[in-house]
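Report on the structure given below.
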Amino acid sequence: MKRLARLATVICASAFAAALTVTGDARGTLPGSNGLIAFARVAANGDEEIYVMRPDGSGVTRITSPGFVDRGPEWSPDGRRIAFASSRGRSDRAAIWVINVDGSGLRRLSHGAHEISDSPTWSPDGRWLAFNRFVRIGFYRVYAVKLSTGRLRLITPRGLDAEEPDWSPDGRRIAFISTQRTSEASQIYVGGINGTGAHALKLPGTRVRSSPNWSPDGQWIVFESDRAEKGNLDIYKMHPDGTGLVQLTDSPAIDALAASRHDAGGFVLYSVHLVVGVAMWMRLPNA
């Protein structure tokens, strides 16, 4: 399940009033397999800490210690651990860490003398974490680290800017965004996890604004774009080969950060509408 980042406040539409008790700027996820929401809350001094809570806004629990900048939480497939990016005291650096849901077992997974890494995402089997690593201004690569050994490997082409990865449900492919420095236009790419076969999903006029997300059956990729150039962002879906483009929302609001998941009714797509600083999850039926 893909994270939802850059939210003003993390809430479920059905629990609007309860979730207002989560004060301060927050960035969070859809509920994990354990039913809990993980989010990073910004303190008044600029620190960020990882919390979990129930979808109704109750049970808010801090799981990382104060005094650091911890952000971008991502649930493991089994709901037992959370991956996140953290400075751990270095405001100009960030590495990928993992922690158990009860706050134990804190462990650093990525290492580098001048490392700036973020946007962790779990492989479907929970054995690997893919993430962005800063190379130079305007250029990132996507790496994956194996949790059992710490082995690191590059999984996108070395000469291609690559950010915001998402694993396909079968674990064989990665979708990511690449931005051209000359035009600042972004396109979605899909490639193998060994760094080969990456190809752009050619969408004329499309400017992608959020990370791509695979549908649970692997047949679709959902993403956010201002393709219509109306001054707001809408959610689209397309097949992994770039065909079948469908616009799913058409709203003057900001339809932000598409994500997909299964529930009892099957495939459900969520959007987040940012209105007066409040983020609400909205179900898109028959998406």
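The values are calculated or read from the model by the stated rules, or taken from the named source; none is laboratory data. Remember, it's a predicted structure, so these values are computed and weren't measured experimentally. Cβ coordinates were reconstructed from backbone atoms using ideal geometry, including for glycine residues, and neighbour counts include every protein chain displayed.
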Check: Of the conditions (1) surrounded by 20 or more Cβ atoms within 10 Å (Cβ to Cβ); (2) in contact with a helix residue (DSSP H, G or I) (Cβ under 8 Å, 6 or more places away or on another chain), Asp56 fails just one. Which one is it?
Finding: (1)
Checklist line | Qualifying positions in the range 183-239 - crowded, with 20+ Cβ neighbours inside 10 Å, hydrophobic (A, V, I, L, M, F, W, C), part of a loop (DSSP other than H, G, I, E, B) and modelled with pLDDT under 85 | finding: Leu233
Checklist line | Residue under evaluation Phe139, criteria (1) in contact with an Asp or Glu (Cβ under 7 Å, 6 or more places away or on another chain); (2) under 20 Å from Trp214 (Cβ atoms), criterion not met | finding: (2)
Margin query: Quick check on my filter: what residues within the range 117-132 are at pLDDT 90 or above and within 18 Å of Arg71 (Cβ to Cβ)?
Written below: Pro120, Thr121, Trp122, Leu129, Ala130, Phe131, Asn132
